[in-house]
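The values are calculated or read from the model by the stated rules, or taken from the named source; none is laboratory data. Computed from a prediction, not measured in an experiment: that's the story for all the values here. Positions of Cβ are backbone-derived with ideal geometry, glycine not excepted, and every protein chain shown enters the neighbour counts. Only protein heavy atoms, including side chains, enter the accessible area calculation; ligands, DNA and RNA are left aside. Shrake-Rupley method; radii C 1.70, N 1.55, O 1.52, S 1.80 Å.
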Amino acid sequence: MKKRVSQTSVPEKAAPKKSKYDDILNDGWADDVELHYPEGSWRPPSPADDLEIMDFENTSPLPVIPEDEEDDDEYEDLPVTVKKVSATKTSPKAAKGNASDASAKGKKKKKRKKGSRAFRIFLCLWLGGLAITLAILLRQFYTFLEKYEATYQASLPIHEMEKLFADYFEPRDMNSIYNMLSAKPEVSPLENEDDVKQYMYSLMENKTLSYKPSENYTEDLPEYYIEADGYIIGRALFRKDPTNTLDYQFPIWYLSELEYYTQPMENFRITVPENYTVQVNGVTLDDTYLMGTTEVSVEKEFFEPYVTEIVDFKDYKGDGLYLPPEVTILNENGNVPENLYADTENNIYSAQYEPDAAAREEMEGFAVDAVSAYAMYISQDLSDEGLARYFTPDNIFLYYAKNNSSRTFYTRHSSVTIENVQIRDFQAYSDDAYYCEVYLEQWMKLSYGGSEPEVVPTDCRIYIVKYNGEWKVNGIKF
């Protein structure tokens, strides 16, 4: 039921809140201007028109304005304009149409709300699925990166060098190192592989081992030096496996060359009589180590003409050894000679001809007697016949002794004794010829001296031969 109310009967309402637009709307500039509108067009209602109160329960609602805080704030201070509804009565058909339109709009709004809710659900599900997919892809990507990095690290040649160093060099596994050498060291017949391994071990014994890239290092041919206390003792070269690779085509490295700087520095020199036997490291030397035979040419003149065949000396030489040699010299009787000279620092050895012990004792005894007789003859304590029986016939050195000026003017003395006898050198050249150096002192009382004896030393080097089965002095070296 519609109720008509005249404009004058509308009760007064409270004055509306003044907005910021009131001054503009009510500035009064057009209050006295009469407005004209075209025929049949819209025009503002006049005070005489009747106002119609709308029944909002049976009419279609106003359009819904989206809630937007910024829009609300923007239009918050705008004045509210009320549109006057026409005073004409709405027909039932029109009212029914208006109701249908309102119902359709409500259904459309409900469908829009349901569609918006479904869209939000779909959007949430889609975003969730996208997040899960991204998480799975990222995890797979990180796994790939980890495997790629691990494979790359495993493909670096430095790891092979570290393994070689840790497995063999640090524990000093000489057998394995020797077997891995690309070229085995040349070994002398006087040594064996164990000697070489011992030499190799000596280069790193009690030393700090390390390794570093060589100046020839490249990415395709990595090469490393092996050092002991900073000195290079070896070299390791790695190559790529031509047939096998790791994942992602990363190379597999293998030890291509291993070199150990083994340089044999030891040598020896040995001089012995020609009928002696020489052994080095238990191996008897043959003529391949013989440098030559040395004739004792200087000494021969002291033995002629009574002895012409004396033992010559052989000189042996050897090199290319890794360890200092162990030298053994045996005389013709198979015994180690007593007059053996050994310079172990420079590996120089020598030995003289040596008769058996009984023969040497006899030789040394005669030499002492002969030198004592010579000293007594010079001091005029022995006759010419007494000295001559120690020399070969017609010996020139006997003539020299008789004409010694010291003998002619020798001081008068008495109580002569031979003291402090020493064999300073002995060398046999054969069983019939030898050399001996004898030192002795004559203690005597001088005729003008006091109670203490006068000491007269004599150092004589004589060469002795076998003459008619007896030892005789054949020469003297002054």
Inset, instruction - Of the options Ile418, Ser406, Ala433, report the single residue whose Cα projects farthest towards the positive end of the charge dipole of the range 385-450 (beta-carbon charges: Lys, Arg +1; Asp, Glu -1). - result: Ser406
Legend entry - Total charge dipole magnitude, the range 243-376, about the Cα centre, Cβ charges on Lys, Arg, Asp, Glu only, Debye to nearest 20: 360 debye
Legend entry - Flagged links, alpha-carbon separation over 29 Å, of Lys184/Lys317; Lys317/Lys472; Lys207/Lys317; Lys445/Lys472; Lys147/Lys184; Lys184/Lys314: Lys317/Lys472; Lys207/Lys317; Lys445/Lys472; Lys147/Lys184; Lys184/Lys314
Inset, instruction - Run a plain Debye calculation on the range 356-398 (Cα atoms as equal point scatterers, no solvent) and give log10 I(q)/I(0) at q = 0.21, 0.22 Å⁻¹, rounded to two decimals, same order as the q list. - result: -0.69, -0.74
Legend entry - Sulfur and carbon atoms: percent of accessible area, the range 377-463 [1.4 Å]: 45 percent
Inset, instruction - Working from the alpha-carbon coordinates of the range 286-408, get Rg over Rh, Rh being the Kirkwood radius. - result: 1.11
Inset, instruction - Could you give the size of the charge dipole of the range 331-455 about its Cα centre, using +1 on the Cβ of each K and R and -1 on the Cβ of each D and E, expressed in debye and rounded to the nearest 20? - result: 800 debye
Legend entry - Rg in Å to one decimal, and Dmax rounded to a whole Å, for the range 124-248 via C-alpha atoms: 23.4, 90
Legend entry - Mean projected area in nm² (Cα convex hull; one quarter of hull surface) for the range 186-255: 7.2 nm²
Inset, instruction - Quick one: check the C-alpha center-to-center distance for the range 429-451 versus the range 209-279, whole angstrom. - result: 65 Å
Legend entry - Residue-wise HN-Hα coupling along the range 461-475, computed from phi with Karplus coefficients 6.51, -1.76, 1.60 (Hz; x: Gly, Pro): 10, 10, 10, 10, 10, 8, 10, 6, x, 10, 7, 9, 6, 10, x
Inset, instruction - Please identify every one of the trypsin sites (Lys or Arg not before Pro) in the range 176-266 that sits in a loop by DSSP and has no more than 16 other beta carbons within 10 Å of its own beta carbon. - result: Lys207
Legend entry - Restricting the range 387-445 to chymotrypsin sites (Phe, Trp or Tyr not before Pro) in coil, as DSSP defines it, with at most 16 other Cβ within 10 Å: Phe409, Tyr410
Inset, instruction - Can you tell me the dipole magnitude for the range 173-232 around its Cα centre, using point charges on the Cβ only (Lys, Arg +1; Asp, Glu -1), in Debye to the nearest 20? - result: 100 debye
Inset, instruction - Please work out the ratio of the alpha-carbon Rg of the range 213-330 to 2.2 N^0.38 Å and round it to two decimals. - result: 2.02
